[in-house]
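Notes follow the structure.
The values are calculated or read from the model by the stated rules, or taken from the named source; none is laboratory data. Only a predicted model underlies this, so the values are computations on that prediction, with no experimental measurement involved. Positions of Cβ are backbone-derived with ideal geometry, glycine not excepted, and every protein chain shown enters the neighbour counts. For the accessible areas, the whole protein counts, side chains as well, though only heavy atoms, and no ligand, DNA or RNA atoms are used. Shrake-Rupley method; radii C 1.70, N 1.55, O 1.52, S 1.80 Å.
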Amino acid sequence: MAEHGTILDLFAGAGGWDEGLAQLGHHALGVEIDEIASATAEAAGHERLIADLSHLNPRRFSPTWGLIASPPCQAYSTSGKKLGHRDKQRVIACARDLSKGRDTRDDWRRRCLDPDSLLTVEPLRFALSLKPRWIAFEQVTPVAELWRVFADLLTDHGYRTEVGVLSAESYGVPQVRKRAFLIASLDGPVKFPEPTHRSFNARRHLVPEDELHLRQWVSIAEALGWGARPATLRSTHTNSGRHPGGAPRSFDRPAFTFMCGSGHWKIETEKTNRTGRPERRRPEGALTASQFRSSKHLERITVQQATIIQGFRPDYPWQGSRNDRFRQIGNSVCPPVARHVLREAMRSSVQKAGR
Ligand SMILES: C[S@@+](CC[C@H](N)C(=O)[O-])C[C@H]1O[C@@H](n2cnc3c(N)ncnc32)[C@H](O)[C@@H]1O
C-alpha cells in the first residue's frame, strides 16, 4: 500500500475505524487532538499524529490512497446542544466554496452558532486537496443531509459516491446504532455492504421477508456470554419520567446506542437467596414500588462489557479514567461495521492496484 500512498484517518479517536481496517490487513495514520484517545490507539498498535486538523495543510499527507473520517458529533447529536442543525446551511455554503477552490472556513466559523459545526467540512477539505482513490466518512444520522451535499460535490470532482444509514446490529454488533455513511471512489462504482444479520425493531414481531435469509441479530447476553439468567440493561434515558430508573432493554436483545455518558448505565438482575432462587415470592402486582425496587440488584456496566457491546475485542487497551474510557467507547465507530464499510469503499481501488 505504501507505494500507492497513505491511508489517512481524520478525527481518528481511540481507533474504531483502525481496528476494522487492521482486520482487512491495512493500517492508517490517524490525526486526533485528544491525547488520551491517542494513547489508547497507540497502545492498540495504531499510529497517531496529535494535532488540531483544522490547522493542518492536507498536502503534507500527499500522496494519500484512502481517506477515512468521523468528525465529532456533539454539534448534531441528541446528547449535545444540537446547534449544528441550525448551522447546516452555513456548513453547506462553506463546502460549496471549498469545492470551488475557496477556503472561507474562517468567515463561516465566525457565523456558526457552534464553531464545531464547521469541523464537518474538514473531511471534504482534505478529500478535495488530496484526491484519495477511495473515501469513507461517518457521522450521526442528522448529518446524512450534509453527506449528500458532499457526495454531489465529490461527483463533480470525478468520484462515484453512495450515502446511507447503516445500523450496527445488521453487522453482528450487539447494539442498535444507526450512523450515516458516505463512501466514494475514483476507481469504480461503490455500494454499501450487504447486512450479515437481521435488523432489530422492538415494535416489530415479524421478520421482514427480505431478511429471512439473514442470521438473527446478536443479543447482549450472547455477546457477553451471560447465560440464561434474566437481566435488564437500564439506560440513562428516563423519557420525561416514564422510565424513572432508566429505559429497560432485556439482555436477550441488542443494546441501545452506546454514548459518551453510557458509563452510568446499570445492569439489573433479580436478587437471589442462598439457593440461587429469586428472593421475591409474591407476584410483581402484590409488591409496593419500594418492595419491587429492593427485590432488584443493580450494578454499573463495566468497561469490558461496554467494549464488547461496541464490537471491540474484549481486551482493547483503553487509557485514562473510567469516564475517559466510556467517552472513548461512546465516540467510536464499531469495528465490525468499519470493516464491512471499508472493504466496499476500497474494493475497486484494491482491484486496480492488484492487491
Ligand atoms: C466521533 S470521534 C472519532 C471516532 C473514531 N474515528 C473511531 O473510529 O472510533 C471524533 C474525534 O474527533 C476528535 N477531534 C475533535 N476536534 C478535533 C480537531 N480539531 N482535530 C483533531 N481531532 C479532533 C475528538 O477528540 C474525537 O476523538
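Quick look at the values:
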{"read-out": "Residue in the range 250-264 that is β-branched (Val, Ile, Thr) and assigned to a loop (DSSP other than H, G, I, E, B) present", "value": "yes"}
{"read-out": "Looking only at the range 241-260, and only at residues there that are aliphatic (A, V, I, L, M) and crowded, with 20+ Cβ neighbours inside 10 Å, the one that is farthest from Val303 (Cα to Cα)", "value": "Ala255"}
{"read-out": "Conditions (1) at pLDDT below 95; (2) polar (S, T, N, Q); (3) surrounded by fewer than 21 Cβ atoms within 10 Å (Cβ to Cβ); number of the one not met by Ser117", "value": "(3)"}
{"read-out": "Residue, least open to solvent (accessible area, probe 1.4 Å), within the range 208-240, restricted to residues that are acidic (Asp, Glu) and farther than 26 Å from Glu270 by Cα", "value": "Glu211"}
{"read-out": "Some residue of the range 260-268 being closer than 30 Å to His197 by Cα, of a type in the set (Ser, Thr, Tyr), modelled with pLDDT of 90 or more and in contact with a Lys or Arg (Cβ under 7 Å, 6 or more places away or on another chain)", "value": "no"}
{"read-out": "Those residues of the range 132-165 which are over 9 Å from Leu186 (Cα atoms), open to solvent by less than 50 Å² (accessible area, probe 1.4 Å) and more than 22 Å from the chain's Cα centre (by Cα), in sequence order", "value": "Leu153, Leu154"}
{"read-out": "Qualifying residue in the range 180-197 (condition: of a type in the set (D, E, K, R), at pLDDT 95 or above and under 23 Å from Gly330 (Cα atoms))", "value": "no"}
{"read-out": "Helices (runs of 4 or more DSSP H) (entirely within the range 301-355) containing at least 3 residues that are β-branched (Val, Ile, Thr) and under 30 Å from Thr269 (Cα atoms)", "value": "303-309"}
{"read-out": "Answer from Arg179, Arg109, Arg125 - the residue that is open to solvent by 20 Å² or more (accessible area, probe 1.4 Å), within 16 Å of the ligand (Cβ to nearest atom) and assigned to a strand (DSSP E or B)", "value": "Arg179"}
{"read-out": "Hey, His205 touching a Lys or Arg at 6+ places or on another chain (Cβ under 9 Å), part of a loop (DSSP other than H, G, I, E, B), without any contact (Cβ under 8 Å) to a residue 40 or more places away in the chain and surrounded by fewer than 18 Cβ atoms within 10 Å (Cβ to Cβ) or not", "value": "no"}
{"read-out": "Exclusive hit being touching a strand residue (DSSP E or B) at 6+ places or on another chain (Cβ under 6 Å), open to solvent by less than 20 Å² (accessible area, probe 1.4 Å) and either under 22 Å from Ala144 (Cβ atoms) or modelled with pLDDT under 95 (or both), set Gly84, Gly66, Gly30, Gly20", "value": "Gly66"}
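This table checks each residue for (1) at pLDDT 70 or above; (2) farther than 26 Å from Glu169 by Cβ.
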position: Glu284; (1), (2): no, yes
position: Ser290; (1), (2): no, yes
position: Arg293; (1), (2): no, yes
position: Lys296; (1), (2): yes, yes
position: Gln304; (1), (2): yes, no
position: Pro314; (1), (2): yes, no
position: Gly320; (1), (2): yes, yes
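Yes/no matrix, rows are residues, columns are (1) within 13 Å of the ligand (Cβ to nearest atom); (2) under 28 Å from Thr236 (Cα atoms); (3) part of a loop (DSSP other than H, G, I, E, B):
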| site | (1), (2), (3) |
| --- | --- |
| Asp18 | yes, no, no |
| Ala22 | yes, no, no |
| Thr40 | yes, yes, no |
| Leu49 | yes, no, no |
| Ser54 | yes, no, no |
| Gly66 | no, no, no |
| Pro71 | yes, yes, yes |
| Ala75 | yes, yes, yes |
| Gln89 | no, no, no |
